[in-house]
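Asks: Below you'll find the structure I mean.
Laboratory data are not the source of any read-out in this text; all were calculated from the coordinates shown. Since the structure is predicted, the reported quantities are computational estimates derived from the model, not experimental observations. Using ideal geometry, Cβ is built from the backbone for each residue, glycine included, and neighbour counts are taken over all protein chains shown.
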Amino acid sequence: MKRLLITGANGGLGSVCRERLRHMADILRLSARRDMGAPAANEEIVLCDLGDKAAVEKLVEGCDGIIHMGGQSTEAPWDVIRTANIDGMFNLYEAARKNGNPRIVYASSNHAIGFYKQTQRLDANSVPRPDGLYGVSKVFGEALASLYYDKFGIETACVRIGSCFPEPRNHRMLSTWMSYDDFVQLIERIFSVPRLGCPIIYGASANSASWWDNREVAYLGWNPKDNAEMFRAKIDGQMEPPAGDDVNAVYQGGAFAGDGIHES
Ligand code: 15L
């Protein structure tokens, strides 16, 4: 690729992309709302609010791939979610349509399906069961990606990211964890396959305790290598496992399922 855009480039996963995906393009265009430090040799920095349609159009111009990590990444009042994740997604896809249909990685989330119980097993055909307004916005994003694929041919990998951190932080994450190495390999595969389409992908490592089945996207050739199980003893030593009707023991989305609606 000549120019790869990373939105939300100052966030947790955006920073991982910035550090570890520079081999994928001649130029990384990095965007966020706030300062990201000085650009390195092959970087362009563009400060941009995703809610600003004209600014997003300029941002996407000249990019032949997009990793969309930007937006609101946890539960929040509706105003915040609407601007960042609803208007922001629409602005991004409109800009992509007017700028040569770049391939897109969309950071969806496990909170699009967080109200499924931990006893249930899901695949790409499982209908959404969001666990909050944030989850609803992620379902909207998946629907928008699907629309722009069917109408305009824009290919998007909708990645329902589990918990992508250096290590799992609690018992639930023994099922939802995705290592940075597996995440990086996933992005590489998404941009390598000749035909992507608009698949739903569960963003998790090869966890023994997984609830998710990625059989439908075997064609990506993504083979996650890590397994959260290696952290079980450490987590057992740090905390009691959740039990009974604790949302962390019942629902795939954990605490998000127990949250109320945040007043604007
Ligand atoms: C998410 O969608 C969040 O962005 C992240 O901060 C974690 O909370 C993650 O889900 C998770 O469910 O662990």
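Asks: Based on DSSP H runs of at least 4 residues, each adding -39500 (n - 2.57), what is the mean residue ellipticity at 222 nm of the chain after dividing by all its residues, to the nearest 500 deg cm²/dmol? Please report the intermediate quantities before stating the final value.
Replies: Details: 9 runs with 80 residues, N = 264.
Here the helix-only value at 222 nm equals -8500 deg cm²/dmol.
Asks: Using alpha carbons only, how many degrees (0 to 90, rounded to 10) separate the axis of helix 133-152 from the longest principal axis of the chain?
Replies: Roughly 50 degrees, rounded to the nearest 10.
Asks: Starting from 0.36 nm per residue, how many nanometres of slack lie between D123 and D245 once their C-alpha separation is accounted for? Provide the component values of the computation, followed by the final result.
Replies: Working: separation 122, 0.36 × 122 = 43.92 nm, distance 2.48 nm.
Extra length from D123 to D245 when fully extended: 41.4 nm.
Asks: Below 8 Å, C-alpha to C-alpha, sequence gap of six or more: please give me the relative contact order for the chain in percent. Mind dumping the intermediate values first?
Replies: On the way: 557 pairs, mean separation 47.0, N = 264.
Taking the mean separation of contacting Cα pairs over the length of the chain, I get 18 percent.
Asks: Of R172, R195, R121, how do they rank once you tally other Cβ atoms within 10 Å and put the fewest first? It would help to have the intermediate numbers written out before the result.
Replies: On the way: R172 25, R195 6, R121 11.
With the fewest neighbours first, R172, R195, R121 line up as R195, R121, R172.
Asks: Another question, if that's okay. Among the listed pairs K117/K151; K117/K234; K53/K225; K2/K53; K138/K234, give every one whose C-alpha distance is greater than 28 Å.
Replies: Numbers: K117/K151 34 Å; K117/K234 25 Å; K53/K225 39 Å; K2/K53 24 Å; K138/K234 32 Å.
Distance filter (> 28 Å) returns K117/K151; K53/K225; K138/K234.
Asks: Then there's this: Determine the shape class of segment 1-104: with a ≥ b ≥ c the square roots of the Cα gyration tensor eigenvalues, call it rounded for a/c under 1.5, and otherwise prolate if a/b is greater than b/c, oblate otherwise. Write out the running numbers ahead of the final one.
Replies: Working: a/c = 1.89, a/b = 1.28, b/c = 1.48.
It is oblate, given that a/c is not under 1.5 and a/b is not larger than b/c.
Asks: For the chain, give the magnitude of the charge dipole about the Cα centre (Cβ charges: +1 Lys/Arg, -1 Asp/Glu; no others), in debye to the nearest 20.
Replies: 580 debye
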